[in-house]
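To start, the structure itself, in structure tokens.
Each value in this text was obtained by applying a stated rule to the coordinates, not by laboratory testing. Given the structure is predicted, the values throughout are model-derived calculations rather than measurements. Here the Cβ positions follow ideal geometry from the backbone for every residue, glycine too, while neighbour counts run over all protein chains shown.
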Amino acid sequence: MKVLELVSRNERPPSVVEVAGAAVGRRLTVIAGPCSVESEEQMVATARAVKAAGADMLRGGAFKPRTSPYSFQGLGIEGLKLLDLARRETGLPVVTEVLDPREVTWVAEFADVLQVGARNMQNFSLLSEVGRSRLPVLIKRGMHSTLEELLACAEYVLSEGNPNVILCERGIRTFERYTRNTLDLSAVPAIKELTHLPVIVDPTHATGRVSLIGPMALAAVAAGADGLMIEVHHDPEAALCDADQALTPEAFASLMTRVRPLEEFLGAAC
């Protein structure tokens, strides 16, 4: 196997990915918002709430790869327009998933960061296409994937000349059934030993339980994560996607009052 030269640490300093005023890798970056874009009211209300609580970026899915073909699949182009509206209302950069290489060019017109989801992590055509887009790319670790496989996927993007890659640990599939997935917190320091790329943690998809998101978010910060990705919905009970794991704006604001002091404490201790 050819050495992954571009992704390898090789005594390089940690990379910083600049995203419209946010700097992933320089300070803790918090990405928050709903699983899926559902309406103008939902997106604008949630975007305003997460910004007020201290989020750095807004997440939301216009296209949703769902396990069942009968589940809500997203609003598509209309969802992208609503994300753009929320961005203009709040100034928050937008992170959204792209599913198909043929859609990268026009999704990029509405996004500040292109997300490659866990189910698409090894879609090599998609990885090459987002690499050519030159927008920052967030790659989520596949639920059955090793760290070596994750880094190889990042290499695809880097090899196209795009250095702006963010890695995301979002839990892996194990025999445990109490949580949605099993959060592999050891991946955070391990990835930092292997690569110069920043790594964030998604405690929402890792646990699938509202009660566990806060503790795992704090644990991720303590483990050295460069950021968090957290699902927040202005009315979780009405959510069309992942209603059981979305924080209310109030719960997210409460979590942020613990996350930022922990970040400051750890920074002062280093």
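Look at the dipole of segment 26-269 built from charges on Cβ: of 222, 138, 154, the Cα furthest out on the positive end belongs to 222.
Residue-wise HN-Hα couplings along segment 200-217, as the Karplus relation 6.51 cos²θ - 1.76 cosθ + 1.60 with θ = phi - 60° gives them from phi, are 10, 10, 10, x, 5, 6, 5, 9, x, 10, 4, 5, 9, 5, x, x, 6, 5 Hz; Gly and Pro carry x. In sequence order, segment 222-230 has phi-based couplings of 5, 6, x, 4, 8, x, 10, 10, 10 Hz under the Karplus curve 6.51 cos²θ - 1.76 cosθ + 1.60, θ = phi - 60°, and Gly or Pro positions carry x. Alpha-carbon geometry of the chain: the Rg and the Dmax are 17.0, 50 Å, given in that order.
For the chain, excluding the exposed loop sites themselves (chymotrypsin sites (Phe, Trp or Tyr not before Pro), DSSP loop, at most 11 other Cβ atoms within 10 Å), the longest remaining stretch covers 71-174. Segment 114-167 and segment 6-23 have Cα centres spaced 15 Å apart. Distant-in-sequence amide contacts of residue 195, defined by a placed amide H-H separation under 5 Å and a gap of 5 or more residues or a different chain, comprise 9.
Between residue 19 and 24, the built amide H atoms are under 5 Å apart, and every one of these is 5 or more places off in sequence or on another chain. Within the same chain, aspartates and glutamates fewer than 8 places from residue 51 are excluded, and of the rest, those with a Cα less than 17 Å from its Cα are 40, 41, 84, 89, 112, 231, 235, 250. Here the relative contact order of the chain, from alpha carbon pairs under 8 Å that lie six or more residues apart, stands at 21 percent. Partners of residue 192 within straight-line reach, counting aspartates and glutamates whose Cα lies under 16 Å from its Cα and excluding those fewer than 8 residues away in the same chain: 5, 11, 148, 149, 155, 169, 184, 226.
Short-range pairs are left out: with C-alpha atoms under 8 Å and at least six residues apart, the relative contact order of segment 1-153 is 18 percent.
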